[in-house]
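Read the structure below first, then the notes.
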Amino acid sequence: MHFINNMVNVFYPNACGICGNISKYDICPKCIKKLNEIKQCKKHIYLTKSFTDEMYIFKYEDLVRECFIKYKFGEQNYRYKAFANFIIKDKKICGFLKKYDIIIPVPISKKRIKQRGYNQSELIIKECAKLDRNIVVCTNVLYKIKNTKPQSTLNKEQRKINLKGAYKLENSGTIANKRILLFDDIYTTGSTLEECATVLKQAKVREIGVFTLAKD
């Protein structure tokens, strides 16, 4: 088995999910340092939205933006491990995650899954749960039932209209009276997260927060 693992590493060497260079780590020490230098970890409290608490780690620009584009649209799904490892190694971020009973990644439609091959947010947060067993992830409650136009092509008002009726709730008893954290990769106008939170509220949840890796 040791020999087989060595051969796999020769032909398919591990790469850092940020810089892409060969590394024995999912995120190399140099990239951890770079991300820590640009990390913001900002929190906001809202009184007028369907969610109340929000945290994001980075501004959606430069190195972070470049990595996300490659991850989401460049068929480089191995990068999810780098993001997950960065999250888990940060005590402040982990503390925020553990305030909640259940984390729900924002779902994407079946058609989008077929095109991309994966839900980028789900991969990251499931890896976080694998690395820290105190993090509970649920993917059988919120579903996207409409293949909507890409939000990036629309303005703020169009985004809201585009998402109406796009999500549905199942197994609502799983989250009733629980503190729920919605996880998505990028926060732009908040329309997607607002719509998801509105649907989740039907389950009479105790609280809804939002966590994203980056904010535009």
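The values are calculated or read from the model by the stated rules, or taken from the named source; none is laboratory data. These numbers come from a predicted model, not from an experiment. Because the Cβ atoms are built from the backbone with ideal geometry, glycine has one as well, and the counts that use them run over all protein chains shown.
Cβ-Cβ distance below 7 Å, separation of 6 or more or different chains: which pairs start in the range 18-43 with a residue that is on the phi < 0 side of the Ramachandran plot and end on one that is part of a loop (DSSP other than H, G, I, E, B) and loosely packed, with under 12 Cβ neighbours inside 10 Å?
Final answer for the pair search is ILE22/PRO13; CYS28/ASN21.
Are any of the residues in the range 44-57 under 18 Å from LYS34 (Cα atoms) and charged (D, E, K, R)?
Checking the range 44-57: not a single residue is under 18 Å from LYS34 (Cα atoms) and charged (D, E, K, R).
For the range 112-145, which positions are of a type in the set (Ser, Thr, Tyr) and in a loop (DSSP other than H, G, I, E, B)? Quick ask: steps written out before the conclusion?
Of the residues in the range 112-145, the ones of a type in the set (Ser, Thr, Tyr) are 118, 121, 139, 143.
Within the range 112-145, TYR118, THR139 qualify.
What number of residues within the range 185-208 are surrounded by 23 or more Cβ atoms within 10 Å (Cβ to Cβ) and touching a helix residue (DSSP H, G or I) at 6+ places or on another chain (Cβ under 8 Å)?
Of the residues in the range 185-208, 2 are surrounded by 23 or more Cβ atoms within 10 Å (Cβ to Cβ) and touching a helix residue (DSSP H, G or I) at 6+ places or on another chain (Cβ under 8 Å).
How about the range 187-205: which of its residues are within 24 Å of ASN134 (Cα to Cα) and either free of Cβ contacts under 8 Å to residues at least 40 places away in the same chain or assigned to a strand (DSSP E or B) (or both)?
Passing the criteria: LYS204, VAL205.
Run ARG133 past the list (1) closer than 29 Å to LYS89 by Cβ; (2) surrounded by 13 or more Cβ atoms within 10 Å (Cβ to Cβ) and report the number of the one that doesn't hold.
(2)
When TYR78 is evaluated against the numbered criteria (1) at pLDDT below 95; (2) within 29 Å of GLY209 (Cβ to Cβ); (3) not in a helix (DSSP H, G or I), which criterion, by number, is the only one it fails?
Status for TYR78: all satisfied but (3).
Can you tell me which residue is farthest from ASN85 (Cα to Cα) among those in the range 31-63 that are surrounded by 13 or more Cβ atoms within 10 Å (Cβ to Cβ), over 17 Å from the mean Cα position of the chain (by Cα) and basic (Lys, Arg)?
LYS49
Just the residues that are modelled with pLDDT under 95, over 24 Å from PHE58 (Cα atoms) and buried (at least 18 other Cβ atoms within 10 Å of the Cβ), please, taken from the range 137-166.
Result: THR148, ASN162, LEU163, ALA166.
Can you name the residue in the range 43-98 that is small (Gly, Ala, Ser) and in contact with a helix residue (DSSP H, G or I) (Cβ under 9 Å, 6 or more places away or on another chain) and, of all such residues, is nearest to THR192 (Cα to Cα)?
In this case the residue turns out to be SER50.
Can you tell me which residues in the range 71-105 are closer than 14 Å to ASN119 by Cα and surrounded by fewer than 22 Cβ atoms within 10 Å (Cβ to Cβ)?
LYS72, PHE73, GLY74, GLU75, GLN76, ASN77, TYR78, LYS81
Restricting to the range 6-39, name every residue that is at pLDDT 95 or above and either under 30 Å from LYS178 (Cα atoms) or aliphatic (A, V, I, L, M) (or both).
Result: ILE18, ILE27, ILE32, LEU35, ILE38, LYS39.
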